[in-house]
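Encoded as structure tokens, the structure appears first; notes follow it.
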Amino acid sequence: MITASIVLYNENLETLKKTVDSFLKTPLKKKLYLIDNSSENILEKYFLHQEIEYIFVGENIGFGNAHNLVLDKINSDFHLILNPDVEFNSDVIPNLIKALEDKPTVSFITPKVIYPNKENQFICRKHPTFFDLINRKLKISNTQIIKNEYRDKDLEKPFYPEFIHGCFMLFKTTDFKNLKGFDERYFLYMEDADICRKIEQADKKILYFPNIEIIHQHRKGSSKSLKLFFYHLSSAIKYFLKWGF
């Protein structure tokens with residue numbers, strides 16, 4: 001049994017349909033939770049399906065807080081944290097489960113992530129430092145970016161990075177619930193970095209598994225919107241006050 005949750009906020013309908021269809025094609029017993037933080041309920045009518053539960057929040061309560069709304073609902077073996085702009089084949093989740101289920105110390109697994117043009121997304125990172133976040137914006141040191149993104153490794157082989165960007169995180173449900181989900185102090189951004197820290201603190205690991213790949217549009221909102229940039233900055237401050245600079 002697998003469950004999945006997608007947090008919505010004024011999503012593009014056609015993009016979201018592709019993501020939902022990708023999940024529903026998975027040949028396993030499953031349930032999808034769509035958690036809508038939008039102010040108007042205009043999407044629910046498009047997703048009336050026996051394997052979907054639509055939760056209309058009516059206000060933007062944030063990414064982590066919204067995902068946590070289903071913590072008490074899920075009793076699956078695996079739970080997928082999924083972005084609304086991802087596409088994948090029907091065999092992706094079953095193959096990831098096979099790779100995950102015989103690894104008792106691994107909390108979640110993530111496949112290789114590519115852009116629609118097939119270019120690789122560097123989703124594996126070292127734990128972020130204050131300098132890393134500044135460096136990504138100002139490009140002070142390209143060498144540090146390469147090191148931070150593990151570009152000096154063979155990224156076609158599975159390994160255990162410190163942190164994986166969270167567009168597709170396939171958790172063992174028990175581990176996700178034991179972690180109490182995401183830290184709700186982050187409104188948007190850094191929740192994935194934080195939960196990777198909590199996993200490490202619990203003496204568990206995360207697995208990057210590039211044998212399987214998915215497509216992610218990755219809109220990079222904080223680099224295009226001043227409002228989203230300040231959300232990112234606020235979350236970064238909370239992260240470093242919690243975990244150190």
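Any read-out appearing in this document is the output of simple, stated calculations on the displayed coordinates, not a laboratory observation. Just so it is clear, the structure is predicted and the values come from calculations on it, not from any experiment. Every residue, glycine as well, gets a Cβ built from its backbone with ideal geometry; the counts of neighbours run over all protein chains shown.
When the pairs LYS30/LYS147; LYS139/LYS205; LYS180/LYS205 are compared against a 27 Å limit on Cα-Cα distance, LYS30/LYS147; LYS139/LYS205 fall above it. Could you list log10 I(q)/I(0) for the range 142-184 at q = 0.21, 0.25, 0.29 Å⁻¹, which the Debye formula gives when each Cα is one point scatterer? For the requested q values the scattering log ratios are -0.85, -0.98, -1.12. Net charge in the neighbourhood of LYS205 (other residues with Cβ under 11 Å of its Cβ; Lys, Arg +1, Asp, Glu -1) is -2. All C-alpha to C-alpha distances of the range 175-245, sorted into 10 Å bins beginning at zero, yield P(r) values of 17, 38, 36, 8 percent in whole numbers. The loop-placed trypsin sites (Lys or Arg not before Pro) in the range 60-129, going by DSSP, that have at most 13 neighbouring Cβ atoms within 10 Å of their Cβ come out as LYS73, LYS118. Using the Cβ of LYS18 as centre and a radius below 13 Å, the other residues enclosed give a net charge of -3, where K and R count +1 and D and E count -1.
Note on MET1/GLU87: beta-carbon distance plugged into 1/(1 + (r/R0)^6) with R0 of 25 Å gives a FRET efficiency of 0.65. Please state, rounded to one decimal and in Å, the Kirkwood hydrodynamic radius that the chain gives when every pair of distinct Cα atoms enters the mean of 1/r. Radius from the Kirkwood sum: 18.4 Å. Taking Cβ atoms as reference points and 14 Å as the exclusive limit, the residues near ASP152 contribute a net charge of +3, counting Lys and Arg as +1 and Asp and Glu as -1.
Were the residues from ASN75 through GLU119 laid out at 0.36 nm apart, the gain over their Cα-Cα distance would be 12.2 nm.
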